[in-house]
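Structure first, then comments.
The values are calculated or read from the model by the stated rules, or taken from the named source; none is laboratory data. What you see is a predicted model; the values in this text were computed from it and never measured. Here the Cβ is made from the backbone with ideal geometry for all residues, glycine too, and neighbour counts use every protein chain on show. Only protein heavy atoms, including side chains, enter the accessible area calculation; ligands, DNA and RNA are left aside. Shrake-Rupley method; radii C 1.70, N 1.55, O 1.52, S 1.80 Å.
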Amino acid sequence: MKSPVKSFYSALIGTAVVATSLFAAPAAHADQIFGFKIDLTSLGGPVINNINELNFSGSSFVRNTFPGGLGAPFTFTDNGVFSFGNKNGGLSLGLGFGQLTGDYTMGSGTGQLGSSITFDAGGQFDIYYNPVTTFGDSAANRYGAATGTKIATFRQLAGGGGAINPDGTPSANGQLQLNFVAESLRANTWFTSTGDSLAEAFTFSFVTANASQDNSNNCPSPCSTDPNLIAALGGGPNTLPNQFLVSNGAQFKLADNVVPEPGTVALLGLGLLGFGVMRRKSA
């Protein structure tokens with residue numbers, strides 16, 4: 001039985017596939033996975049059913065480098081910590097005193113002031129479940145985001161991105177897209193609505209983030225950002241355009257690849273990331 005999914009065309013994912021140099025042919029389009037579930041019962045948590053998207057928020061720290069001067073293209077690094085608060089735009093995850101968190105590391109890319117940025121391949125997005133809430137407690141373990149049990153690792157694909165301000169920061173509520181492929185999924189944890197296990201390398205994710213500069217980190221005044229957060233992210237006060245803290249509200253969605261034409265399966269299996277996740281449909 002095929003999982004119930006809604007088809008959509010993803011040009012960004014196709015671009016990311018070519019850019020990774022892992023693919024010699026364009027990828028098939030993707031089907032968003034609706035109603036997937038995360039089973040945390042073996043870890044003392046709940047079953048989170050009927051997920052169309054996971055909503056999360058948090059902070060990331062961005063560093064820009066301008067090798068050719070401020071008018072030239074720049075490179076950037078990005079890493080952040082996040083907490084999943086609800087699903088499908090506002091429904092509770094039913095975590096009780098537990099937490100579901102995301103830890104984003106090794107993000108990088110290129111951009112142009114007043115134009116846009118695009119991400120390189122290689123960033124990593126880890127998802128953890130902890131039956132005890134530790135997020136925000138201290139600088140240790142990435143602000144509490146990397147505690148408990150890791151239930152997934154997604155590897156970023158080249159591509160995605162979005163528009164930025166002339167000072168190099170994300171636009172206020174500017175929408176950015178990041179694309180990933182599942183590198184590892186904890187066994188007996190990730191399922192389609194029909195109970196099929198989601199498959200590594202064929203399960204993709206895409207994240208759409210509303211990002212804006214966090215002005216609470218414009219030190220010395222105002223400067224109300226939690227110092228433990230800054231320490232966890234290895235950052236410091238905002239010094240535009242070279243470094244700054246970003247507040248993010250984001251949607252994490254899954255997709256699987258439509259059954260490809262013969263001869264492309266092996267290529268697709270090598271992976272795709274860019275906050276676009278896909279997997280082979282179960283028969």
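Give me the one-decimal nm value for the distance between modelled label points at Thr41 and Asn86, 7 Å along each residue's Cα-to-Cβ direction.
In this crude label model, Thr41 to Asn86 measures out at 2.7 nm.
When the chain is fully extended, how far beyond the present Cα-Cα distance does Asn49 get from Thr149, taking 0.36 nm per residue of separation?
34.1 nm
Amide H neighbours of Asn165 under 5 Å, counting only residues 5+ apart in sequence or on other chains, H built in-plane at 1.01 Å?
Long-range HN contacts for Asn165: Ser171.
Relative contact order of segment 38-183: what whole-number percent is it, with Cα pairs under 8 angstrom and at least 6 residues apart?
After rounding, I find 19 percent.
Calculate how large, on average over all directions, the projected area of the Cα convex hull of segment 152-244 is; give the answer in nm² to one decimal.
8.2
Which aspartates and glutamates have a Cα lying under 17 Å from the Cα of Lys87, excluding residues fewer than 8 positions away in the same chain?
Asp39, Glu53
Which three semi-axes in whole Å describe the equivalent ellipsoid of segment 44-182, each the square root of 5 times a Cα gyration tensor eigenvalue, listed largest first? Write out the running numbers ahead of the final one.
Working: eigenvalues 188, 47, 36 Å².
Semi-axes, largest first: 31, 15, 13 Å.
Rounded to whole Hz and in sequence order, give me ³J(HN,Hα) for segment 33-44 from the Karplus expression 6.51 cos²θ - 1.76 cosθ + 1.60, θ = phi - 60°, writing x for Gly and Pro.
After applying 6.51 cos²θ - 1.76 cosθ + 1.60, I find 8, 9, x, 6, 9, 10, 9, 10, 5, 5, 10, x Hz.
Got a number for the accessible area of Thr41? Probe 1.4 Å, square angstrom, nearest 10.
80
Across segment 57-74, in residue order, what do the Karplus-derived ³J(HN,Hα) couplings come to in whole Hz, using 6.51 cos²θ - 1.76 cosθ + 1.60 with θ = phi - 60° and x for Gly and Pro?
9, x, 10, 9, 10, 10, 10, 10, 10, 10, x, x, x, 5, x, 9, x, 10
Using a 1.4 Å probe, what is the accessible area per residue for segment 80-228, in Å²?
For segment 80-228, the per-residue accessible area is 38 Å².
Could you give the radius of gyration (one decimal) and Dmax (whole number) of the Cα atoms in segment 59-102, in Å?
Cα-based Rg and Dmax for segment 59-102 come out at 17.6, 51 Å.
Which shape class, rounded, prolate or oblate, goes with segment 111-212 when its Cα gyration tensor gives a ≥ b ≥ c as root eigenvalues, a/c under 1.5 marks rounded, and past that a/b bigger than b/c marks prolate?
In terms of gyration-tensor shape, oblate.
Ignoring ligands, DNA and RNA, please state the percent of accessible area on segment 159-227 from carbon and sulfur, probe 1.4 Å. All intermediate terms of the calculation are to be shown ahead of the outcome.
Values: 1330 of 2760 Å².
Here carbon and sulfur together make up 48 percent of the probe-accessible area.
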